[in-house]
């Protein structure tokens, strides 16, 4: 079966290949000499549904495991009882062709190889040395009506991640998924997986109905703070949320959804004084872009100045706490007037707090050039945002990079 | 000005509505035939450098309103085709190369001729040494 781009590149659907899809990214990588400095992708994704059979093997509850297994073997393939589906059209009605092509791309199978190989192909094309890999459909797992399914599936995923995928690929790092609807299970997850190889933090998806200030989470925050690893709040959208019942456009559900849940969690975190309770706990806000940060800083500061009695734990302005948090760039807004972005960078202390992220393979992904080509950043600032800040917050050793020799991120590096 | 003629295909091999991509130095040129005319563009998106011409060619989507301004539906306008970059969905008018959202951005155009049953691109450079279109980030107004 032929695909529209099949004439020169001769890519038929059966020959779909991330390396070909990202051939121009590889040209950018070489032109800009990305091999000369460290690049860390703080947020890219795989589709855990592609490794579902492997993951389900780790489900410990025999009843849920039987149900999950059955759904991978028979029936319509609509996996509604494991991962909740969401209305939406991330592939822009087929215009973002890598969505259609992905299923056909060939890799080895079993032992996490598909996830690893697809990820390494995109990393190599972009010139990325290390990445932090996140799941995709699981970002909706916090909306599952059965809390035990979030617990059981995330536990299985975390085991597969840390026992199968991460040990085999030193360039791929990840964060265990926290089943945040269950505070005790969240605590157990941190204890069990926090010290495992390749774990660089903890993932909390904010699209859910459990507040971050719940007292039940305090011992978990203490434990994470003690471990010295970051707690990462990953955004998502939920068009089915009552808040979005008055929009008929995916663009609105997505543009709002991907920052509003994070913004709400961030505001709750700050005004409840959690930065004072856990001053050494590093927070990362992922996949919300950047424009919401100055907005929230200004909104909270303005109201706090009048309502400080409502937030007695705070000793500083809300924006001052937010300025000490970390943020990933993608999907980075690029205003016509770059002085707007320059102001945002200044407000978030971009040189030390900003982490570049691709979000690949999702539709609004950013390449490293999105940062590297900006005329408003110094060379050092670019390098910090593209890699050095992530190295610091993730506590990354980069021996693997040096060990591979130059160019570490060449076309075939580390793809097996 | 001297031109380099690049063979694209035979006339018969490029039917109306079809597209052919050819290599040109470090970059590529896509030639489209649409409504009997030929159009040539560099296969490079000025947004983030994606292979714009490898994506779908789709008709413009328009909104249809009733006389009382109530919404009726969306429809395809088959008189205006768009080249859609497969990386992020930036859309360009096939007959001008203009980015539909902001005319500041456009696909780099090449002249295309048809002669003696063959199609050629006329290029003023022999072999471009690098991708010739900067990204949106580098073109934004700023300083440093």
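The listed residues are A:154, A:93, and the only one of them that is assigned to a helix (DSSP H, G or I), in contact with a strand residue (DSSP E or B) (Cβ under 7 Å, 6 or more places away or on another chain) and free of Cβ contacts under 8 Å to residues at least 40 places away in the same chain turns out to be A:154.
Confirm whether residue A:175 is crowded, with 20+ Cβ neighbours inside 10 Å, over 17 Å from residue A:362 (Cα atoms) and over 21 Å from the mean Cα position of the chain (by Cα).
no
So how many residues does region A:194-216 have that are farther than 13 Å from residue A:162 by Cα, in contact with a helix residue (DSSP H, G or I) (Cβ under 7 Å, 6 or more places away or on another chain) and part of a loop (DSSP other than H, G, I, E, B)? Result for region A:194-216: 7.
Filtering region A:290-325 to residues that are surrounded by 19 or more Cβ atoms within 10 Å (Cβ to Cβ) and part of a loop (DSSP other than H, G, I, E, B) leaves A:290, A:314, A:325. For residue A:98, are the conditions met, namely being assigned to a helix (DSSP H, G or I), out of contact with any strand residue (DSSP E or B) (no Cβ under 9 Å at 6 or more places or on another chain) and within 14 Å of chain B (Cβ to nearest Cβ)? Taking the combined requirement at face value, the residue satisfies it. Within the bounds of region A:251-265, is there any residue that is in contact with a strand residue (DSSP E or B) (Cβ under 7 Å, 6 or more places away or on another chain) and in a helix (DSSP H, G or I)? Yes: one or more hits.
The requirement of being touching a strand residue (DSSP E or B) at 6+ places or on another chain (Cβ under 7 Å) and more than 10 Å from chain B (Cβ to nearest Cβ) is satisfied by residue A:389. Only residues that are more than 23 Å from residue B:13 (Cα to Cα), within 13 Å of another protein chain (Cβ to nearest Cβ) and part of a strand (DSSP E or B) were counted in region B:26-77, giving 7. Would you confirm whether any residue within region A:180-187 is more than 19 Å from residue A:65 (Cβ to Cβ), modelled with pLDDT of 95 or more, in contact with a helix residue (DSSP H, G or I) (Cβ under 7 Å, 6 or more places away or on another chain) and not in a helix (DSSP H, G or I)? Yes: one or more hits.
Taking region B:51-86 as the range and being within 23 Å of residue B:122 (Cα to Cα) and in contact with a helix residue (DSSP H, G or I) (Cβ under 7 Å, 6 or more places away or on another chain) as the test, the residues that pass are B:51, B:83.
Yes/no matrix, rows are residues, columns are (1) without any contact (Cβ under 8 Å) to a residue 12 or more places away in the chain; (2) buried (at least 24 other Cβ atoms within 10 Å of the Cβ); (3) away from every other protein chain (no Cβ under 13 Å):
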residue	(1), (2), (3)
A:327	no, yes, yes
A:330	no, yes, no
A:333	no, no, no
A:336	yes, no, no
A:347	no, no, yes
A:352	no, no, yes
A:355	no, yes, yes
A:360	no, yes, no
A:367	no, yes, no
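Per this entry, residue A:64 is counted among residues that are crowded, with 16+ Cβ neighbours inside 10 Å, more than 25 Å from residue A:172 (Cβ to Cβ) and either over 19 Å from the mean Cα position of the chain (by Cα) or modelled with pLDDT of 90 or more (or both).
Selection over region A:360-391 of residues that are in contact with a helix residue (DSSP H, G or I) (Cβ under 8 Å, 6 or more places away or on another chain) and part of a helix (DSSP H, G or I) gives a count of 11.
Are any of the residues in region B:96-103 within 14 Å of chain A (Cβ to nearest Cβ), in a strand (DSSP E or B) and buried (at least 21 other Cβ atoms within 10 Å of the Cβ)?
Yes: region B:96-103 contains one or more residues that are within 14 Å of chain A (Cβ to nearest Cβ), in a strand (DSSP E or B) and buried (at least 21 other Cβ atoms within 10 Å of the Cβ).
The values are calculated or read from the model by the stated rules, or taken from the named source; none is laboratory data. Predicted model only: the values in this text are computed from it and were never measured. Cβ atoms come from the backbone with ideal geometry, glycine included; neighbour counts cover every protein chain shown.
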